[in-house]
Amino acid sequence: MDFEEKVGYLEDLNTAKLIADIKSAESNLEKLMLEDASYRNTNVRYLASYNDDCVAVKELDAELMMTAQNTASDVYMALERMTGKKPTAALMENWLVTARKTNEELKALVELQYKVTFQCDTYKLKIEMAKKRVESLKGVLGLRTAQILFLAPEG
């Protein structure tokens, strides 16, 4: 292979465009990571863990539980006088489960919690895809580097 042919191959590799693509992919990844962090920071009260509710839902649950205890205490005392039985924690828990289905404010908070979780998962997937894009472009750059070294003139 003569020198002009090697130069032609080297020019066809277009490494400048590849480097620009890598920079673009890296800036896209950085942008997505910043958006994710900002979204999580803005919605921190609505972020649920994998096995528990978010802070806002827990707070409203506690308020409803207190309301149930205050409202129901008179009813429970009356029931206790009539039946001779003490009210149980299970009755309060059943009331709270019912409130989660019927209380509009609590239903809205639970729905918001699900939306925030879904959006966070979406950001996580987008970030993973952007990372893979950067990795694949860097792999192509490594291949081009090997091609350049192979075509480089000796000596």
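Filter the range 10-29 for residues that are assigned to a helix (DSSP H, G or I) and either at positive phi or touching a residue at least 40 places away in the same chain (Cβ under 8 Å) (or both) and give the result.
10, 15, 18, 19, 21, 22, 25, 26, 28, 29
I'd like the full set of residues that are without any contact (Cβ under 8 Å) to a residue 60 or more places away in the chain, within 30 Å of residue 21 (Cβ to Cβ) and among the small types (Gly, Ala, Ser), limited to the range 105-138.
136
State whether the residues of the range 119-134 include one that is modelled with pLDDT under 85 and of a type in the set (Gly, Ala, Ser).
No, the conditions are met nowhere in the range 119-134.
Mind listing whichever residues of the range 55-66 are among the charged types (D, E, K, R) and buried (at least 16 other Cβ atoms within 10 Å of the Cβ)?
Matches in the range 55-66: 61 only.
Please state which one of 36, 12, 2, 52 is surrounded by fewer than 12 Cβ atoms within 10 Å (Cβ to Cβ), among the charged types (D, E, K, R) and farther than 30 Å from residue 152 by Cβ.
When all the criteria are applied, what remains is 52.
Spot the failing condition for residue 38; the list is (1) over 14 Å from residue 140 (Cβ atoms); (2) more than 30 Å from the chain's Cα centre (by Cα); (3) hydroxyl-bearing (Ser, Thr, Tyr), and only one is missed.
(2)
The values are calculated or read from the model by the stated rules, or taken from the named source; none is laboratory data. Just so it is clear, the structure is predicted and the values come from calculations on it, not from any experiment. Positions of Cβ are generated from backbone atoms using ideal geometry, with glycine treated the same way; all protein chains shown enter the neighbour counts.
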